[in-house]
Amino acid sequence: MKKIILLGLFTCLTLFTHAGVIQIVEASGWLESAYVKFSLSDDAKSYNVYIKGGQFADYTKIDDQLVRNYGTYGRADVVGLQAGTYTMKVVPVAAGGKELTDQENTTSDLEVRNYSREGFAFMNGCPAPGAYNSDGTLKQGSKVFYVTKNTAKTITTTVKTGSKATNITTCTGIQTIIDAYQKGYDTTPIAFRFIGLVTVDDLDKISSSAEGLQVKGKKADSELNMTFEGIGDDATVRGFGFLVRNAKSVEFRNFGIMRCMDDCISLDTDNSNIWVHHTDQFYGKHGSGDHAKGDGATDVKSDSKYVTVSYNRFWDTGKSNMFGMKSESGPNYISYDHNWFDHSDSRHPRVRTMSVHVWNNYFDNCAKYGVGATSGASVFVENNYFLKTKKPILASLQGTDAQGSGTFSGEDGGMIKSYGNYFDKTISNFKYYTQNNPASTGYDAYETAARDEQVPETEVTKVGGKKYNNFDTNTSLMYPYTPAAAADVPALVTGYYGAGRMNHGDFTYTFKNNVGNDDTDSAYDATLGSMLDNYQSPLVGFFDDDPTGISEVRCKMSDVRKGIYDLQGRKVSESGIRNSEFKKGLYIVNGRKIMWPVFIQ
C-alpha cells in the first residue's frame, strides 16, 4: 500500500472563519514596531491592515508587503513607530477589491517603546545612524525596499552616481543598489527590510567573496544612511554575512544570520557611527580546527570607531567578537551592552588598542573566557552578570592569563577597569585577581569602589607598561547611560525587550545547562548545526500574490479530501483543480503552478 506523507507545518482549517468577524489571535507592541496575528476568512482574497496612534492621527493603511500569509493565520507588522499607544485594524478584502467591513476587527491598545540609544554610535555628530530618526520614524525622503527570496534580485531604484544632474543610474538588485552608493554622490536614506528567509543564492550578486553583501563608502567614513532590518520574528539570512567599509551611519537590526561565510557582520576599515542591535547570530561556515563554528560573529577593526553593539544574542558562537587588529592607532570608541552570550565560547569581546565600554551583558555558560584585553586596550567592564563563565576577565600575560597553562594572548597587556559585576561562585577553577588580591604575576582587572573612580596613572600592565586612559570618566567624551544592577541583567537581557529578535525569533534550541559541565564544552554542536542548515521560515507568502516565491501548500491529505486545497480556504471544486494534478504535486492557483512537497512511499 502506498503511503502519502505531506511535509507540512500547519493544518489548513485551524484558524479559518466563515461568516462573522475575524479573530485577533495575538497582538502586541514592541520596540518601534507593533504586530497583529489574525484568523483567515473564507471570503477574503487579501487583507488591508490599518494603524492609528502615535504619528498617525487617523487609521492609516500599511504597506501590503507587511501583511503576510502564514498558512493558518495572517500576520501584519508595522515598523518605524514612535513610542506611544496604537491600535491596529484588520479588514478582509474580497476578490473584487471590496473591503468586507462587517468582518473587520481591531486590536486593543498596543504599547510601543523606543529602542535604547545609549552608546558611542550616537555621538560624533550622528545621533541617528541608518535610515531612521532618533524617535523611531523614517528620515525624510527615505526609500524602503522589501527583500524576499524572490525580490532580492529585482528590487529597483535610481541612484545618483555622478556630479551632474543627469548622472542618474537605474540599479536592480540589493547588492547592485548598495554598490551604487559607493560612488559617493547619493546619501538618500534607505531601509532594506528582509522578509522570511533570504539565502546567498537569492541575491543578485555579492561584492565580497569572503563575507557576502558589501556595504562600502567611497572613502573613510562616507555617509550612507542605510538600515538593514528584519520584519517580524522570522526574518533570517543564511549563507552570507555583511562586510562594512568606509561607511558612516549604518544600522543592522531584528534579523537572524545563519551560516555566514566568515563573519556575521564585519566592520572592517574606517567606519564610524555603526549600530548593530537585536540580531541573532549563529554558526558560520563549518570548517576545521578553531573554525568549526565559523570565524567571527561581529568584529570591529581597522580604525572603525563610534560603534554600538547591543542587545544581540550569540548562539554558541566560537570567536564571537574581536575589536581591533594590530594596525590601529587607537583609541576607537566602542560600546557593548545588553548582549546575551548564550553558551558562546570566547571573545566577548577580545580587545586590542580600542577603548570599549562593556556593560549590562549576560555571560551565560561561556566555555573559554569572557572579556579579554591586549595591546594597550582600555576596557571598562561594568555591571555584567557572569554565569558559569570559565575565565570571566583576562588581561594578557598577567593575572589569570599568566597562571598555569596560560595564555589567551602573547601580546602586550591591556588594562581593564571593573565595577559592579556579578561572578557566579560555582566557578571552581578560576580565581579573580584584583589589585587588592594580586598574584605575583599581577591582576586581571583594577576593581574600583565607584563607577566614576579613575585608575591611577601609576597602574600599568605587567607586559608593555600600558596605562588605562580613563575614557569612561571623560564627560566630554562619554554618553549618558543608566546601567541596571548586575543582578537584574539576566532577566533584562532574556526578557521581552531583551537581546535578539522580536519575541526572541522563531528559532528555538535548548542548550544542556548544568549537564556534564556543559559550560566547559566548546565543541561544535552538530544538532544545532543541522537545524541551521535545514531551517525554513514558516512564511507562505503575501496575500493575493506570491512575490516571495514561497508557495508550497502545507495541508493535510484529509483536508484536501474534504475539498480544501489552499491555505486561504478555497475549495477544490471552486478552482477546477483535477485529482490527477494533485497526484503530480501540481496545483493551479490564480493561473500559477504550485509545487506541493508530496512523497510517495
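The values are calculated or read from the model by the stated rules, or taken from the named source; none is laboratory data. Remember, predicted model here, so these are calculated numbers, not experimental data. All Cβ positions, even for glycine, are placed from backbone atoms using ideal geometry, and neighbour counts span all protein chains on display. What goes into the accessible areas is simple: the full protein's heavy atoms, side chains included, and nothing from ligands, DNA or RNA. Shrake-Rupley method; radii C 1.70, N 1.55, O 1.52, S 1.80 Å.
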Mind checking which residues of the stretch 318-337 are in a loop (DSSP other than H, G, I, E, B), touching a Phe, Trp or Tyr at 6+ places or on another chain (Cβ under 9 Å) and open to solvent by less than 10 Å² (accessible area, probe 1.4 Å)? Ser320, Asn321, Asn332
What number of residues in the stretch 212-224 are open to solvent by 10 Å² or more (accessible area, probe 1.4 Å) and not in a strand (DSSP E or B)? 4
Filter the stretch 382-401 down to residues that are of a type in the set (Val, Ile, Thr) and either closer than 23 Å to Ser440 by Cα or open to solvent by 10 Å² or more (accessible area, probe 1.4 Å) (or both) and give me whichever is nearest to the chain's Cα centre (by Cα). Ile393
Might you let me know whether the stretch 82-90 holds any residue that is modelled with pLDDT of 95 or more, more than 26 Å from Phe192 (Cβ to Cβ) and in contact with a Leu (Cβ under 8 Å, 6 or more places away or on another chain)? yes
Members of the stretch 338-366 that are within 19 Å of Asp270 (Cβ to Cβ) and either in a loop (DSSP other than H, G, I, E, B) or in contact (Cβ under 8 Å) with a residue 40 or more places away in the chain (or both): Val351, Arg352, Thr353, Met354, Ser355
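Restricting attention to the stretch 367-379, which residues are part of a strand (DSSP E or B) and aliphatic (A, V, I, L, M)?
Step one: filter the stretch 367-379 for residues part of a strand (DSSP E or B), giving 371-374, 378-379.
Listed by number, the residues that qualify are Val371, Ala373, Val379.
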Those residues of the stretch 265-280 which are part of a loop (DSSP other than H, G, I, E, B) and touching a Cys at 6+ places or on another chain (Cβ under 7 Å), in sequence order: none
Kindly provide the set of residues from the stretch 56-83 that are surrounded by fewer than 18 Cβ atoms within 10 Å (Cβ to Cβ) and assigned to a strand (DSSP E or B), ordered by number. Phe56, Ala57, Asp58, Tyr59, Thr60, Lys61
Given (1) out of contact with any Asp or Glu (no Cβ under 7 Å at 6 or more places or on another chain); (2) part of a loop (DSSP other than H, G, I, E, B), identify the lone condition not met by Lys390. (1)
Would you tally the residues in the stretch 177-203 being open to solvent by less than 60 Å² (accessible area, probe 1.4 Å) and out of contact with any strand residue (DSSP E or B) (no Cβ under 9 Å at 6 or more places or on another chain)? 0
Name the residue that is most open to solvent (accessible area, probe 1.4 Å), counting only residues in the stretch 18-35 that are in a strand (DSSP E or B) and under 19 Å from Asp102 (Cα atoms). Val25
Is it the case that the stretch 286-307 has a residue that's among the β-branched types (Val, Ile, Thr), within 22 Å of Leu528 (Cβ to Cβ) and in contact (Cβ under 8 Å) with a residue 60 or more places away in the chain? no
Determine, yes or no, whether Glu459 is out of contact with any Ser or Thr (no Cβ under 9 Å at 6 or more places or on another chain), open to solvent by 30 Å² or more (accessible area, probe 1.4 Å) and free of Cβ contacts under 8 Å to residues at least 60 places away in the same chain. yes
Check whether at least one residue in the stretch 187-202 is part of a loop (DSSP other than H, G, I, E, B) and either more than 19 Å from Gln65 (Cβ to Cβ) or in contact with a His (Cβ under 6 Å, 6 or more places away or on another chain) (or both), and report yes or no. yes
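Per-residue answers, yes or no, for (1) at pLDDT 95 or above; (2) in contact with an Asp or Glu (Cβ under 6 Å, 6 or more places away or on another chain); (3) part of a strand (DSSP E or B); (4) surrounded by 24 or more Cβ atoms within 10 Å (Cβ to Cβ):
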{"position": "Met226", "(1), (2), (3), (4)": "yes, no, yes, yes"}
{"position": "Asp234", "(1), (2), (3), (4)": "yes, yes, no, yes"}
{"position": "Ser249", "(1), (2), (3), (4)": "yes, yes, yes, yes"}
{"position": "Phe252", "(1), (2), (3), (4)": "yes, no, yes, yes"}
{"position": "Ile257", "(1), (2), (3), (4)": "yes, no, yes, yes"}
{"position": "Asp263", "(1), (2), (3), (4)": "yes, yes, no, yes"}
Looking at the stretch 163-189, which of its residues are farther than 21 Å from Val147 by Cα, of a type outside the set (Ser, Thr, Tyr) and out of contact with any Lys or Arg (no Cβ under 7 Å at 6 or more places or on another chain)? Lys164, Ala165
Of the residues Ser405, Ser327, which is in contact (Cβ under 8 Å) with a residue 12 or more places away in the chain and not aliphatic (A, V, I, L, M)? Ser327
So is Gly53 in contact with a Gly (Cβ under 9 Å, 6 or more places away or on another chain) and open to solvent by 10 Å² or more (accessible area, probe 1.4 Å) or not? yes
